[in-house]
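Notes for the one structure printed next.
What follows is calculated from the coordinates using simple rules that are stated; it is not laboratory data. Keep in mind it's a predicted model, so treat the numbers as computed, not measured. Quick reminder, even Gly has a Cβ in these numbers, built from the backbone with ideal geometry, and neighbours come from all protein chains shown.
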């Protein structure tokens, strides 16, 4: 894998290069101090597989770099480094919307190469591994079973004997972009509440909620804990907190142990819904690395929930939806662009 490292800090360029060069199969063959150099180099070296990109740089910052790269190259994987600040969260959400594939938050303050290398090994390498085959042709053995996409969304809704009273969504890598696509295609205010778990740090989930709130008729907010579910409102689990639905249909937050190595966890939310929501449920598992949500979908299947997963082709990483598919819970596969019309059709149904 040919990797380009773009960062104006020599400490981070050195740390990223050293950490990645120690991974078998990784070749850090170019480092750049700003986006302009990176764009020019990529035009001459289109076979670059992956770019790590700092957001705050002179000459051309991360945002402008993504814009320029996506004008001529949609294949290279871009992982941005973001500061753990409100501004960093805002810019990261915008970067993902512009075409970045994932992000890593920088550990600020320590500034040593040793501490940076440790962070990179823990945070960056697993994401590269999840994304490295994203745009590469897959062998026959690696392909998921062929499943025809459901095009007649309205017909699918008509087949539902009982209208869902709650929609719950889980996602991770690629989730912000997927959620944006979905919410932009919701044209009716839902007559049911919605719950989302997106794997993101604190502050980032709040900015995601604010962004989604602007692009659809749905009222989207970060959960605070203690709210009673309201129709037409979508609640996003805050970063570093599990979100659960309680028996009285209020939302609760906790910092219990991570589940599937993450907090918030889709499994935690789905399990609480299966336990406490007595009406009809519809679940959606979108793009994401890992298997979070698969166990929860098994429990939802016992409640005869309507279950859907994103197709492999439109997923950044088919880990989470693929794990649900393997559980054989009866989840139907939709392309990303079909979820918005599905929710709209449910909203219109009387």
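Determine the relative contact order of the chain: mean sequence separation of Cα pairs under 8 Å and six or more apart, normalised by residue count, in whole percent.
14 percent
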Please give the helix 175-184 orientation as an angle from the longest Cα principal axis of the chain, in degrees from 0 to 90, rounded to the nearest 10. 50 degrees
Ordered by packing density, taken as the mean number of other Cβ atoms within 10 Å over each peptide's residues, highest first, how do 284-295, 216-227 rank? 284-295, 216-227
Chain lengthening between residue 210 and residue 326 when straightened (0.36 nm per residue, less Cα-Cα): 38.4 nm
Alpha-carbon gyration tensor eigenvalues x 5, square-rooted, for the range 153-348, Å: 20, 19, 18
Can you give me the distance in nm between label points at residue 86 and residue 335, each placed 7 Å from the Cα along the Cα-to-Cβ direction? 4.1 nm
If I model a spin label at residue 18 and residue 154 as a point 7 Å from the Cα along the Cα→Cβ vector, what separation in nanometres do I get? 6.2 nm
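Express in % the proportion of alpha carbon pairs of the range 2-131 at distances exceeding 26 Å. Before the final figure, lay out the partial values.
Details: 935 of 8385 pairs.
Of all Cα-Cα distances in the range 2-131, 11 percent exceed 26 Å.
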Taking N as the residue count of the range 249-318, its alpha carbon Rg divided by 2.2 N^0.38 Å gives 1.14
Rank by packing, highest mean first: peptides 275-283, 192-200, 251-259, 13-21, with packing defined as the count of other Cβ atoms within 10 Å averaged across residues. 192-200, 13-21, 275-283, 251-259
Quick one: if you stick a label point 7 Å off each Cα along the C-beta vector at residue 27 and residue 230, how many nm between them? 5.6 nm
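As a check on your grasp of the helix formula, calculate [θ] at 222 nm for the chain: sum -39500 (n - 2.57) over DSSP H runs of n ≥ 4, divide by the residue count, round to the nearest 500.
Numbers: 13 runs with 130 residues, N = 350.
Using -39500 (n - 2.57) per qualifying helix, the result is -11000 deg cm²/dmol.
Residue separation times 0.36 nm, minus the C-alpha to C-alpha distance between residue 44 and residue 250: what's the value? Spell out each step's value before the answer.
On the way: separation 206, 0.36 × 206 = 74.16 nm, distance 5.55 nm.
In short, 68.6 nm is gained.
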